[in-house]
1. When only Cα pairs under 8 Å and 6 or more residues apart are kept, what is the percent relative contact order across the chain?
2. Measure nothing but the geometry: give the 0 to 90° angle between the long axis through the Cα atoms of 74-98 and the longest principal axis through the Cα atoms of the chain, rounded to 10°.
3. Please give the calculated 222 nm ellipticity per residue for the chain, where each DSSP H segment of at least 4 residues contributes -39500 (n - 2.57) and the sum is spread over every residue; nearest 500 deg cm²/dmol?
4. Any idea what angle helix 25-40 forms with the longest principal axis of the chain, computed on alpha-carbon atoms, 0 to 90 degrees, nearest 10?
5. If the only charges are +1 at each Lys and Arg Cβ and -1 at each Asp and Glu Cβ, what is the size of the charge dipole of the chain around the Cα centre, to the nearest 20 debye?
6. Tally up the carbon and sulfur contribution to the accessible surface of the chain as a whole percent, 1.4 Å probe, everything protein left in place.
7. Where does helix 45-68 land angle-wise versus the long Cα axis of the chain, in degrees 0 to 90, nearest 10?
8. Go through [x] 17.0, 57; [y] 31.1, 97; [z] 14.5, 52 and flag the label whose value is the computed Rg and Dmax of the Cα atoms in Å for this structure.
Amino acid sequence: MLEKERNITNIVYLLQALSFIFGITAVAAVIINYIKIEDVRGTWLDSHFRWQIRTFWFGLLWAVLGFFTTVIGIGFAILFIDGVWIIYRIVKGWLRLYENREMYEL
């Protein structure tokens, strides 16, 4: 029943991963999240959509902060940590999706 929505969730993780090469694919991924979020509301995939959206916005926030603080040197560390954090969230989310598990256990 949720196979189409699960495939869309998979595509969003792929687009997030490809953003390390192409950049703009992260924007496409979050747009898909916002367009399709009603389709997954109330299902286990809803937690993945929230996870993906938060990954985008917090990753962007830290990237902007890191960019503006590169002048004083600390920005490079912030950008590196942000990149590792984003990779962690993509991998963790993708693995849980593969296992058909929610992101948040109650």
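The values are calculated or read from the model by the stated rules, or taken from the named source; none is laboratory data. Not measured: the values here are computed from a predicted model. So basically every Cβ, Gly included, is an ideal-geometry build from the backbone, and we count neighbours across all protein chains shown. The area values use the complete protein model at the heavy-atom level, side chains included, leaving out ligands, DNA and RNA. Shrake-Rupley method; radii C 1.70, N 1.55, O 1.52, S 1.80 Å.
1. Relative contact order here is 28 percent.
2. Computed tilt is about 10 degrees.
3. Details: 4 runs with 85 residues, N = 106.
Rounded to the nearest 500, the figure is -28000 deg cm²/dmol.
4. Between helix and principal axis, roughly 30 degrees.
5. Magnitude of the dipole: close to 80 debye.
6. On the way: 4860 of 6670 Å².
Of the solvent-accessible surface of the chain, carbon and sulfur hold 73 percent.
7. It works out to around 10 degrees.
8. So the calculated entry is the one marked [z].
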